[in-house]
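Participant: Just dropping this structure here.
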Amino acid sequence: MGINRQFVNIIILGFAFMFVFTAFQTGSMIQKIVIKSIKHQNPSYHGEGYTSLAVIYAVLAVCNWLAPSAISFTGPKYAMIIGAVTYCIFIANFLYPMTWGLYFSSVLIGIGAALIWTGQGNFLTVNSDSETISRNSGIFWAMLQCSLLFGNLFVFFEFKGEEIIQIHTINIVFGGLLGVCCFGTLLFFALRATTSTTVAITGDSSDNEGPIRALVRAFRLFKTVDMILLSITFFYTGLELSFFSSVYGTCIGFTKHFNDAAKYVGISGMLIGAGEITGGTVFGLFGKKTNKFGRDPVVLLGYIIHMVTFFLIFLNLPPSSPMNYSTEPTYIKSNVYLALFCSFLLGFGDACFNTQIYSILGFMYSNESTPAFALFKFVQSVAAAAAFFYSINVSLPIQLLILVITGTFGCFSFFIVEWKLSGSSNHEVNTQRSINNEN
C-alpha cells in the first residue's frame, strides 16, 4: 500500500511539473520575441527578455542556499505550491505588460524556483528507496521534458502568419499558459503524505541544516580538486541551458531568411524537448546498461553532438539574430529544416551531460550530497545568469565560440574525474580480490 502510494505521488509530481513548466519553458523560449513585439506596439514598455531571465537565474543562485531551511518549516509539498504560485505570477505579467512587473515577477520566480526544485528533490527522495530512485527519477525527467512539447505546439499554431506578434495573440497564448500553470499548481495539493518524514534533498545526514552551514560545507567541498574540475562542467551546462532555452529559439524567430519565422520557435522548442526526452530515456531510465562502460562515453557523445551542432548553427543563422530581426548573409543558405534538426541535437546533447552529472554526483558524494547538488545548481545558475546578461549585446558567433571553449574544458575536466574514479574503483576491486585469494 505504501509503495503504491509513493508511486502515485511520483506520477502526480511529474504531471504537476509538466503543466507548470509547460507554461514557464514555453514562455521563456518566446519571451524575447514577445517582448520585442510588445515594444513595437507599446513604446512606453522597456522590458528586456534576456535581462529578465538573467535576473531569474541570479536570484535562483542565491536563494538556492536558503531553500533547505525554508523547507524545514513548510515541508516539500507546500514549498512546491508556493514556488508554483510564483510561476503563475510570472506568466500573468505578460497579460498586463509593465516594465516593473516583468522584473518584479522575475525576482519572485527566482525565489520560487529555488523552493520548487529543492522541494522536488526532497519529495522525490522520501517517495523512493534504493531500488526505485533510478526508475522514479527517470519517470519524472521524461514527464518534465514533455512540457517542451505541448506549449510549443500551441505557440506554433498561434504565431503562424504573424511577424510582429499582436497583443491579442499574446493574450491568448499567455492566457492559455496561465491556465495550464494554475492547473499544475492545483495538482500539488493532490500529493499525499507517506510514512517517511522530510529529509534532505538527497537523503544524506545533513537534514534541515541552516543556510550558513550549507554554504560553509559547500565551499569546503569546492576546495577539493574533483569538485573544482566538475564545476567547469557545471558552468558549461549553465551556459548551454541559457542558449537552448531562449537564445536559440530567438535566433530562429529573428531570422528573416525564413518565411513566417515566428511559428518555427514553437517547433524548435518541441524538438529540443524531443531530444531531452530521448536522451533522458536512454541514459536515465536505462542508466545501468548505458553506464556499463563508464560515464565518459556518454559525455563524449554529448560533447561531439554539441560541437557539430554549434558549427551547423554558425553556418546557418545570421550573426545578429540573437538580438534583432536579421537579413545578414550566412555561410550557407539558411535552411529551416537544418535549424530545427539542430534543436533536437541541442536537447539530446544536454541530456547526455545532465544525466551523467547527476550520476557521478550521486555516486561520489553519497554522504555529502546536499552541498554537492547545491553547488551544482549554484554554479549552473550563475553561468545561466551570466549568459543571459551577455546575450543582450553579443553576436551569435561569439556566443557559439564561448560555448565551444567552455564545453571543451568542461568535457575534459569531467573525464579527469571519471577516470580517477574508475581507477580507484578498479584498485579497490583488485585489492579485495587479492584479499579473498589470500584467504
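The values are calculated or read from the model by the stated rules, or taken from the named source; none is laboratory data. All figures in this text were calculated on a predicted structure; none of them were measured in a lab. Note that each Cβ is placed from the backbone with ideal geometry, even for glycine, and that neighbours are counted across all protein chains shown. For the accessible areas, the whole protein counts, side chains as well, though only heavy atoms, and no ligand, DNA or RNA atoms are used. Shrake-Rupley method; radii C 1.70, N 1.55, O 1.52, S 1.80 Å.
Participant: Which is open to solvent by less than 10 Å² (accessible area, probe 1.4 Å), among the aromatic types (Phe, Trp, Tyr), within 18 Å of Val417 (Cβ to Cβ) and in contact with a helix residue (DSSP H, G or I) (Cβ under 9 Å, 6 or more places away or on another chain), of Phe363, Phe376?
Facilitator: After applying the criteria, what remains is Phe376.
Participant: Filter region 259-273 down to the residues that are more than 21 Å from the chain's Cα centre (by Cα) and among the small types (Gly, Ala, Ser) and list them by number.
Facilitator: Answer for region 259-273, where residues must be more than 21 Å from the chain's Cα centre (by Cα) and among the small types (Gly, Ala, Ser): Ala261, Ala262.
Participant: If you check Phe235, Phe254, Phe243, which single one turns out to be in contact with a helix residue (DSSP H, G or I) (Cβ under 8 Å, 6 or more places away or on another chain) and open to solvent by 10 Å² or more (accessible area, probe 1.4 Å)?
Facilitator: Only one candidate qualifies: Phe235.
Participant: Go through the residues of region 391-404 one by one and say whether even a single one is without any contact (Cβ under 8 Å) to a residue 24 or more places away in the chain and open to solvent by 20 Å² or more (accessible area, probe 1.4 Å).
Facilitator: yes
Participant: While we're looking at this one, here's another question. Please give the helices (runs of 4 or more DSSP H) falling wholly within region 70-169 in which 1 or more residues are among the acidic types (Asp, Glu), open to solvent by 10 Å² or more (accessible area, probe 1.4 Å) and under 29 Å from Ser326 (Cβ atoms).
Facilitator: Filter on region 70-169 gives 147-159.
Participant: For Thr51, are the conditions met, namely being among the hydroxyl-bearing types (Ser, Thr, Tyr) and open to solvent by less than 10 Å² (accessible area, probe 1.4 Å)?
Facilitator: no
Participant: From the list Ala92, Ala67, which residue is of a type outside the set (Lys, Arg) and under 20 Å from the mean Cα position of the chain (by Cα)?
Facilitator: Exactly one residue qualifies, and that residue is Ala67.
Participant: Still on this structure: Quick check on region 1-48: of everything there that is basic (Lys, Arg) and within 27 Å of Phe183 (Cβ to Cβ), which residue is most open to solvent (accessible area, probe 1.4 Å)?
Facilitator: Only one residue tops the list, namely Arg5.
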